[in-house]
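Engineer: Supplied in structure tokens, the structure appears directly below.
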2 protein chains.
Amino acid sequence: MPRQIPVLAAKLRALGFTGDPASFADLTGQPMGAIVSLGGCTASFVSPDGLIVTNHHCVTGSLQFNSTPDRNLLRDGYFAPALADELPNGPGSRVFVTTSAVEVTPDITAGLDAAATDRQRYDTIDRRVKARVAACERDGSRCTVAAFFEGRQYFEIKQLEIKDVRLVYAPAEGIGVFGGETDNWRWPRHTGDWSYLRAYVGNDGKTAAYDKNNVPYRPKRWLKVAAGGVKPNDLVFVVGYPGRTQRHQTYAEVKETVEWALPRSIRLAEEQLALIDTLTKQNPAVAVKLAARVQGLNNGLTNSRGVLEGMMQGGALAKKQAREQELVAWISATPARQQKYGKALAALQAIQSQGEATRERNAVLNLLPSASSYLGSAQTLYRLSVERPKPDIARDPGFQERDWPRIREAQDRLQRTLDPASDRALLRWALGKAAALPAGQRIEPLDRAVGLGAAMDKAAAESAVDRYVAGLYAGTKLADRDTRMTGLERSTAELAATGDTFIALAAALEPLAEANREAAKNRAGAYARIRPVYMDAMLDKAGGLLAPDANSTLRVTYGQVKGVDTRDGLFYKPQTTLQGIMEKHTGNGDFDAPQKELDAIKALREGKTTPFFDRGVNDVPVNFLSTVDTTGGNSGSPTLNAKGELVGLLFDGTYESVSSDYLFDSVKTRSIHVDSRYILWTMAEVDGAKRLLNEMGVSLTAPAAAKAPAKTAVPAKAPAAAR
Amino acid sequence: MPRQIPVLAAKLRALGFTGDPASFADLTGQPMGAIVSLGGCTASFVSPDGLIVTNHHCVTGSLQFNSTPDRNLLRDGYFAPALADELPNGPGSRVFVTTSAVEVTPDITAGLDAAATDRQRYDTIDRRVKARVAACERDGSRCTVAAFFEGRQYFEIKQLEIKDVRLVYAPAEGIGVFGGETDNWRWPRHTGDWSYLRAYVGNDGKTAAYDKNNVPYRPKRWLKVAAGGVKPNDLVFVVGYPGRTQRHQTYAEVKETVEWALPRSIRLAEEQLALIDTLTKQNPAVAVKLAARVQGLNNGLTNSRGVLEGMMQGGALAKKQAREQELVAWISATPARQQKYGKALAALQAIQSQGEATRERNAVLNLLPSASSYLGSAQTLYRLSVERPKPDIARDPGFQERDWPRIREAQDRLQRTLDPASDRALLRWALGKAAALPAGQRIEPLDRAVGLGAAMDKAAAESAVDRYVAGLYAGTKLADRDTRMTGLERSTAELAATGDTFIALAAALEPLAEANREAAKNRAGAYARIRPVYMDAMLDKAGGLLAPDANSTLRVTYGQVKGVDTRDGLFYKPQTTLQGIMEKHTGNGDFDAPQKELDAIKALREGKTTPFFDRGVNDVPVNFLSTVDTTGGNSGSPTLNAKGELVGLLFDGTYESVSSDYLFDSVKTRSIHVDSRYILWTMAEVDGAKRLLNEMGVSLTAPAAAKAPAKTAVPAKAPAAAR
């Protein structure tokens, strides 16, 4: 947590840090004030005029939104020659600037009745959180009350929400996604994973919806681009919004993930990808609509496999067990500890085991709307109609008035990815999973609706599913945008009266879904009681030196630029260069660098000078590895040097790192960054983005030191002498 | 060439060589006298009692030959507890000890009539070579007259041929083939690719066929195992029998290989592997019979792909062209050179282009017997019946009296791999290739026999092939061993009279095959005239500093133990260790280390000491990389240190090296060796082969220096402190 950085001052100084560690604790200071969230990705201001840099893979939706049949921005990239050419980023695009983080633990947990039921405890916390959020948002800010250390602490995070975000520049796919799925989570890497956005506000400087007369937002803080880049062993910081880690789960919880959840999600992802592959082969036009889903499935699949490998072959699961056994032994060692912590672990396991009896059923219940956007949409409309009549504070999270604009935007955006034939094929597949559930874990309302039963043979079940699915898609109008948007305003009775088949399915499933949510609330109340005790034990044993799990709030991590002995006999060098782009380029598929980039590399080889040449690697550096600790949500995070200047963007981790979400492995874990010098070189030499370089204050004159001849002549790489 | 080593004395001394470089020129001295050929693999004597060490993959046939339904030596390995338990290696197994290499260039090329036709030139050389060989073999030796520098020089190589070879020790498949096809040609590598044989002779010390009363051969020279192993940058030598390289081919020849031959052989290998995969899925028992074929196809496929990648993406083809252009410019630079060399290149291209018009036809003609062992056998029988009546000196190479025992052994051995159903499926596939040949390149006798034509549609051709193939396999007795063996004695008329369908096919194809051989002899005569001129030009330009292409004769290469920057961002470390076996072990498929090895590693981690521990890598080293220049045929070659002591066995090259057969890349090329310390550790700690360690004079007492604590503690690897 930013507030924990000052205690690390001595360590940071040993690594070359010269600034004031306390600056990291000031969320509105330099550099923290420059770091923003895009909701799922991180980004940072890099000019006084609201210019924002983030990853390319964080603006895929915007590139898709702004593409037309004649103009494929996903493939070709985009550069706005002038402010007026900057494109609206599409519905739901937001920039969140964190303005404060205040501890509110007493407000949330004080005076909780020890004798209260778990459900009462849940409800009390839920109401208190909602009340704080409502009060905090009264000035138009976006607020959350986030739990840290498993509910041991709560912080109220307040954010300025900028609603007019525009696309300024993204390189072509052959740079921004170079390596594609083949290289995803891999090293060596040569991906130009950057893009630029700009925050706009009303003429009054206040946040406002998109309007062509809006003006660039003028942030209080922005990052300066470092002149020199990084070299091996340099200290680097990454500041961003990591999403979720599970390092403080119990061994039993991680074991369930490893033995049940991950193999299951790998199997389901493989099946879906195979199905989608067949669908898009039959109809190539559908590929564009399913592109994001395929990317997500592939990304998750590789991640799941990596976690599984790390936990099993890498031995992390056994290490997790050993650590828990140490904790148990430590607790048993004194009566005082036994008194305080002795029952927590068994209690956590008891809660966990409650879920196991119906986990197959509930997993399929959740799979259905993720397979079919029609069903997902119907469930959203139906839930909203149920929640709307309640007082706002009693509405479930995600369905409060503050969430409605986002719900509307999502139903609007859905049009871009909706494809009836593939939706139907995927739902049919998911219903097959429901048909195969064991007795005792059946989704009974679905059995009744479809005409399924546990004892049914496969062929009979399949034909029942086929009949049912045919009726479903014949009887729905949810593919129509206006039907969905007006549906968001309707009451439960009005929705039922439409006779829409998907609404009817959502209504049929709702009682079971509601029962599951109720059970989850009870469990959450129990966890709110026990997890902080378990966490107290771990903190107590560790002398307080533990970071809380990631929870989508602003965090700082530091480390060094460093390669890794990834496997016996194999070393990942810390940096890659343009040379590797030439090695990998095949002219098609995942390795298709644009001709203008190849030309620019050729010009460099023939002696053209650039200030972004690195004498250490004798080339323009492209990507680098560091030991910082990151996870999903950190994408787009700025990488800062010891002076707090921008030296790159975090965009990925190595395959060997992904199990660190469960148990951090400080030896093997490496994050992957795009080097700022590759960004700047491409802007200057390939994409003609000098307007932005000027705005960022980047000098295109090489520093005097680079005039000396390169230390090592590498003939294979041609002259490329820095001037 | 061994005789070229003394001129490299200064270079070798700079790398740490302390011996007498002239020793490499003495083929019967130390160490050269200890190096032997197995015919396709290299090996070396390692004891005064004829103990031989080579690769595991060089004794696959012997392990297969000695396996029974109850005793799977391929899977389990074999260790003979005593001399009496050493197993006969199977028919055709030989050890060749080179006893002399004498230059005979004048005997072969003197007084050749410049006005002679190419065919006359071929015949003259052919007769002279055969006469020398016959004279040389009069004392029972095996002799060859080998061309060096494209026929610029000839050497007579004389070898002692040992015919009683026995299997002494091979580790289990989980060690000897650890990594399997997955790791083949790859790094990092952890393959225990060694095995031990022993040469036996009659009581009189003379070579003799297998007899249980034979006694171990006592070689004049044998290698001593180095006590200390190797470390990075150490000088190493590899001595062996590299098979064939094409570095002195013209650009046009290499281009034809890259653009026509390699893509074709890749396609054919992929098709055959897919077909065999289907066949073995239908009938798993066949897998054993086809195992060697599958291994060969896979190995060749990966090699071909690697060469193609190296030539195209790696740019070796362009470099080859540039070098030839330099040569052409160098020749054009003076009238004297033009006079001497000016016409050679164009003449070589003219010869090459003669073959192009019928290359598709001839490639299919050669494919047929390689697809069908029945046809291969029929062609051997038929050819032998045609050649036998001729005087020995007029018989074609391979069919002279000296070749007959080998022909008999091959027809005997064939029984192990013959499977009618898969032979039929593969011949059917190959006939499909013949059916698809373009007009003008048809195999006319085949068209007549099968009833095919260029204009025929695919379905009609397929049913004609099916009909024909059904008749072929119904009308042959060649699957019967005795039929083949007696067939080797029959005259052409007697063979025809058997009415065997495959003999009839062989007879039908023979006139075209004979015409092709005649054309080849004419081309060989022309090449014998021109290639030496082209080679003279290259040697002249290089000031004589060129090695001749590999030609299966005894060679020496030297280099250093060294990792490699294999691709941008990736470094292959020079050594691997036991740690990597633990990392890769999955317990099945290609990564299934034996339990007794896992136990031995565990014991080491728990503190058991071994003299084979390496302080530099803090573990027992397993494989290492070096810069030596090797190719197929070098398999099993001893790796020697600067003192000429055994430090490992060469067994593979990296994928990035294979295009070095066409153009040597001194930056990327690396050979892969198994470290002698892994061999010795396994013999001592896993396979209980102390009998052999004693025989080799290996001490199991750790040297005093190893008593010091390890320099670097690597906690992930557990204590493993050397004592």
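The values are calculated or read from the model by the stated rules, or taken from the named source; none is laboratory data. Predicted, not measured: the structure shown is a model, and the values here were computed from it. Cβ coordinates were reconstructed from backbone atoms using ideal geometry, including for glycine residues, and neighbour counts include every protein chain displayed. Note: areas computed on protein heavy atoms with side chains; ligands, DNA, RNA excluded. Shrake-Rupley method; radii C 1.70, N 1.55, O 1.52, S 1.80 Å.
Engineer: At residue A:246, label 7 Å along Cα→Cβ: distances to the other copies, nm, ascending?
Structural biologist: From this label point to the equivalent ones elsewhere in the assembly: 5.4 nm.
Engineer: Further question on the same structure: Using the Karplus curve 6.51 cos²θ - 1.76 cosθ + 1.60 with θ = phi - 60°, work out ³J(HN,Hα) for each residue of the range A:614-629 in order, rounded to whole Hz, and write x for Gly and Pro.
Structural biologist: 10, 5, x, 9, 6, 5, 7, x, 10, 10, 9, 9, 9, 8, 5, 9
Engineer: With no solvent and one point per C-alpha, what does the Debye sum give as log10 I(q)/I(0) for chain A at q = 0.05, 0.06, 0.10 Å⁻¹?
Structural biologist: Once normalised to I(0) and log-transformed, intensities are -0.26, -0.38, -1.11.
Engineer: Here's another thing I want to ask about it. What does the accessible area per residue of the protein assembly as shown come to in Å², with a 1.4 Å probe and no ligands, DNA or RNA counted?
Structural biologist: That works out to 41 Å² for each residue.
Engineer: On to the next question. Going by Cα centres, the range B:241-299 and the range B:529-567 are how many Å apart?
Structural biologist: Result: 26 Å between the Cα centres.
Engineer: Another question, then. Hey, for residue A:107 with labels 7 Å out along Cα-Cβ, what do the inter-copy distances come to in nm, ordered shortest first?
Structural biologist: The projected label point of residue A:107 is separated from its counterparts by 10.3 nm.
Engineer: Charges only on Cβ, +1 for Lys and Arg, -1 for Asp and Glu: so what's the dipole of the range B:259-343 about the Cα centre, in debye to the nearest 20?
Structural biologist: Roughly 320 debye for the range B:259-343.
Engineer: Could you give the angle, 0 to 90 degrees to the nearest 10, between helix B:373-387's Cα long axis and the longest principal axis of the Cα atoms of chain B?
Structural biologist: 60
Engineer: Just want the answer: with Cβ charges of +1 for Lys and Arg and -1 for Asp and Glu, which residue in B:414, B:357, B:280 is farthest toward the dipole's positive end in chain B?
Structural biologist: Going by the charge dipole, the pick is B:357.
Engineer: I've got another one for you. Buried by at least 30 Å² relative to the chain on its own: which residues of the range A:568-585 qualify, computing accessible area with a 1.4 Å probe on protein heavy atoms?
Structural biologist: At a threshold of 30 Å² (probe 1.4 Å), the residues of the range A:568-585 that become less exposed are A:568, A:569, A:570, A:571, A:573, A:583.
Engineer: How are the Cα pair distances of the protein assembly as shown distributed, in percent, across 20 Å bins from 0?
Structural biologist: Reading upward from the zero bin: 8, 29, 33, 22, 8, 0.
Engineer: Rounded to two decimals, what ratio of Rg to Rh does the range A:472-571 give with C-alpha atoms and a Kirkwood Rh?
Structural biologist: 1.27
Engineer: Which angle from 0 to 90°, rounded to the nearest 10, does the C-alpha axis of helix B:404-413 make with the longest principal axis of chain B?
Structural biologist: Helix B:404-413 and the main axis of chain B meet at about 70 degrees.
Engineer: Same structure, new question: For chain B, what does -39500 (n - 2.57) per DSSP helix run (n ≥ 4), summed and divided by total residues, give at 222 nm, in deg cm²/dmol to the nearest 500?
Structural biologist: -13000 deg cm²/dmol
Engineer: Give the aspartates and glutamates reachable from residue B:255 as a straight Cα distance under 15 Å; neighbours fewer than 8 places away on the same chain don't count.
Structural biologist: Output for residue B:255: B:309, B:324, B:356, B:661.
Engineer: Ok, one more. Roughly how many Å² of residue B:695 are accessible to a 1.4 Å probe, to the nearest 10?
Structural biologist: 50
Engineer: Still on this structure, please answer the following. Solvent-accessible area of residue A:581, probe 1.4 Å, all protein chains present, reported in Å² to the nearest ten, please.
Structural biologist: Residue A:581 exposes around 0 Å² with every protein chain in place.
Engineer: For the rotation bringing B onto A, which B residue has its Cβ nearest the axis, and at how many Å?
Structural biologist: Of all Cβ atoms in chain B, the one nearest the axis gives B:571, 2.
Engineer: Scale the Cα Rg of the range A:1-137 by the rule-of-thumb value 2.2 N^0.38 Å and send over the ratio, two decimals.
Structural biologist: 1.51
Engineer: Same structure again: Loop only by DSSP, 12 or fewer other Cβ within 10 Å of the Cβ. Give me the trypsin sites (Lys or Arg not before Pro) in the range A:165-271 that pass, ordered by residue number.
Structural biologist: Qualifying residues, ordered by number: A:206, A:212, A:244.
Engineer: While we're here: Please state the Cα pair-distance histogram of the range B:87-207 with 10 angstrom bins from zero: what percent is in each bin?
Structural biologist: 11, 26, 21, 23, 15, 4, 0
Engineer: Return the carbon/sulfur percentage of the accessible area of chain B, one whole number, probe 1.4 Å, all protein chains in place.
Structural biologist: Numbers: 16160 of 29970 Å².
Percent of accessible area from carbon and sulfur atoms in chain B: 54.
Engineer: Placing +1 at every Lys and Arg Cβ and -1 at every Asp and Glu Cβ, with all other atoms neutral, what dipole size does chain A have around its Cα centre, in debye to the nearest 20?
Structural biologist: For chain A, the charge dipole is close to 1120 debye.
Engineer: Residue by residue through the range B:535-542, what is 3J(HN,Hα) from phi via Karplus (6.51 cos²θ - 1.76 cosθ + 1.60, θ = phi - 60°)? Round to whole Hz and write x for glycine and proline.
Structural biologist: Each residue of the range B:535-542 in turn: 5, 4, 4, 5, 5, 4, 4, 8 Hz.
Engineer: Have a look at the range A:169-191 and report residues whose accessible surface goes down by 20 Å² or more when the remaining protein chains are included, against the chain on its own, probe 1.4 Å, ligands and DNA/RNA excluded.
Structural biologist: Listed in order, they are A:188.
Engineer: Find the centroid of the Cα atoms in the range B:130-180 and in the range A:438-479, then give the distance between the two in whole Å.
Structural biologist: So the two Cα centres are separated by 72 Å.
Engineer: Please report, largest first and rounded to whole Å, the three semi-axes of the ellipsoid equivalent to the range B:651-706, where each semi-axis is the square root of five times an eigenvalue of the C-alpha gyration tensor.
Structural biologist: They are 35, 13, 9 Å, listed largest first.
Engineer: Taking only C-alpha pairs under 8 Å that are 6+ residues apart, what is the relative contact order of chain A in percent?
Structural biologist: That works out to 22 percent.
Engineer: Using alpha carbons only, how many angstrom separate the centre of the range B:391-435 from the centre of the range B:16-47?
Structural biologist: 34
Engineer: Nearest 20 debye, what's the magnitude of the dipole of the protein assembly as shown about its Cα centre given +1 on Lys and Arg Cβ and -1 on Asp and Glu Cβ? Walk me through the numbers before you get to the answer.
Structural biologist: Details: 182 positive and 164 negative charges, 462 e Å.
Charge dipole of the protein assembly as shown: 2220 debye, to the nearest 20.
Engineer: Please list B:168, A:328 in order of solvent-accessible area, largest first, computed with a 1.4 Å probe with all protein chains present.
Structural biologist: A:328, B:168
Engineer: Quick one: which of A:281/B:584; B:130/B:521; B:11/B:643; A:319/B:602 span more than 26 angstrom between C-alpha atoms?
Structural biologist: Flagged as over cut-off: A:281/B:584.
Engineer: Here is a further query. Stick to the Cα atoms of the range B:340-470, pair each with every other, and give me the Kirkwood hydrodynamic radius in Å at one decimal.
Structural biologist: Working: mean 1/r = 0.0576 Å⁻¹.
After inverting the pairwise mean of 1/r, the radius is 17.4 Å.
Engineer: What percentage of all Cα-Cα pairs in the range B:209-268 are separated by more than 19 Å?
Structural biologist: Result for the distance tail: 69 percent.
Engineer: Let me ask another. List the aspartates and glutamates whose Cα sits under 17 Å from the Cα of residue B:158, skipping any in the same chain fewer than 8 residues away.
Structural biologist: Counting by Cα, and skipping residues close in sequence, residue B:158 has these aspartates and glutamates nearby: B:26, B:103, B:107, B:137, B:139, B:403.
Engineer: Next question. Using only alpha carbon positions, build the gyration tensor of the range A:215-322, then give the equivalent ellipsoid semi-axes as the square roots of 5 times its eigenvalues, largest first, whole angstrom.
Structural biologist: Listed largest to smallest, the semi-axes of the range A:215-322 are 33, 29, 14 Å.
Engineer: Another question about this same structure. Please work out how much accessible surface residue A:614 shows to a 1.4 Å probe, ignoring ligands, DNA and RNA, in Å² rounded to 10.
Structural biologist: Surface open to solvent at residue A:614 totals about 20 Å².
Engineer: List the accessible area buried at the contact between A and B, summed over both sides and calculated with a 1.4 Å probe, in Å² to the nearest 100.
Structural biologist: Between A and B, the summed buried area is about 1500 Å².
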